[in-house]
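Single-structure report; data block below.
The values are calculated or read from the model by the stated rules, or taken from the named source; none is laboratory data. Predicted, not measured: the structure shown is a model, and the values here were computed from it. Every residue, glycine among them, receives a Cβ derived from its backbone with ideal geometry; neighbour counts consider all protein chains shown. For accessibility, only protein heavy atoms count, side chains too; no ligands or nucleic acids. Shrake-Rupley method; radii C 1.70, N 1.55, O 1.52, S 1.80 Å.
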Amino acid sequence: MKRHFALGAFLCFCFAFPSQGGEFDAARHKMVEEVSADTAATSSYSGSSALSPRVIAAMERVERHRFVPADLATVAYLNRPLPIGYGQTISQPFIVALMTNLMKVKAGDRVLEIGTGSGYQAAILAEIAGSVYSIEIIAPLGNEAGDRLSSLGYRNVQTRVGDGYYGWPEAAPFDAIIVTAATSHVPPPLLKQLKPGGRMVIPLGTQFMTQFLMLVEKKMDGSATTRQILPVRFVPLTGGH
Ligand code: SAM
């Protein structure tokens, strides 16, 4: 299914991309339209036929071409993942929007991201939330993303290099948690750091099995429910856990 979306994106992009470099607004708007169409097409899986206005505004505002290697800037608004070095990827825009939408982040929320990568997802979250904490295990990627986010003016994002499996206990509890690498189970430290009433979006599965994007909701009594959303393909959550 993802392949189908990616192909649609490519065909659409060929007609939409501006011929002059430096002005990506039209391409970004086209990308958001396509992500919205993908959202409607997958509503039977996600339970949501439209992105919230907050998510749309964030996707329109954040300049994805600033989060990819310079030689990929001209393809930054394709609706597909792109390599960012160290064997890692910046996620497909549709998946970024879907995960953000599922988190139901509001102004003032405190959000944790595991897997900073390029910093793009953190920037999308920072446009909506009060504060974003993001952890990356690959030091050069994490440091570069931290510098990028501060040079773009995101004062409400804190980044750290480390194993995100253990979360960020000093900054907990979080209203929402997003994990952008696949793992076989919900890490117990992350569930513990989620507020009662909070939401976690996480891809579950291994590199060699079908992975599913899951929505975990922590109830007020501390118990959790999980709902399977979509089959996905993410890089693995690494680390010593
Ligand atoms: N959110 C990123 C973005 O917007 O560019 C994309 C994330 S990429 C799909 C997954 C990231 O998770 C990679 O950068 C990878 O190094 C990181 N990662 C994998 N295992 C991790 C762990 N245990 N703790 C923190 N980060 C981890």
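Quick look at the numbers
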quantity: Considering residues of segment 148-173 that are assigned to a helix (DSSP H, G or I) and either within 14 Å of the ligand (Cβ to nearest atom) or among the small types (Gly, Ala, Ser) (or both) only, the residue most open to solvent (accessible area, probe 1.4 Å); calculated: TYR166
quantity: All positions within segment 174-217 that are assigned to a helix (DSSP H, G or I), open to solvent by 10 Å² or more (accessible area, probe 1.4 Å) and in contact (Cβ under 8 Å) with a residue 12 or more places away in the chain; calculated: PRO189, LEU191, LYS192, GLN193
quantity: Residue that is most open to solvent (accessible area, probe 1.4 Å) [pool: residues in segment 89-105 that are in contact with a Lys or Arg (Cβ under 8 Å, 6 or more places away or on another chain) and more than 11 Å from the ligand (Cβ to nearest atom)]; calculated: LYS104
quantity: Candidate set from segment 138-189 (those that are among the small types (Gly, Ala, Ser) and touching a Phe, Trp or Tyr at 6+ places or on another chain (Cβ under 6 Å)); member that is farthest from GLY87 (Cα to Cα); calculated: ALA171
quantity: Within segment 118-139, tally of residues that are near the ligand (Cβ under 7 Å from one of its atoms) and without any contact (Cβ under 8 Å) to a residue 40 or more places away in the chain; calculated: 3
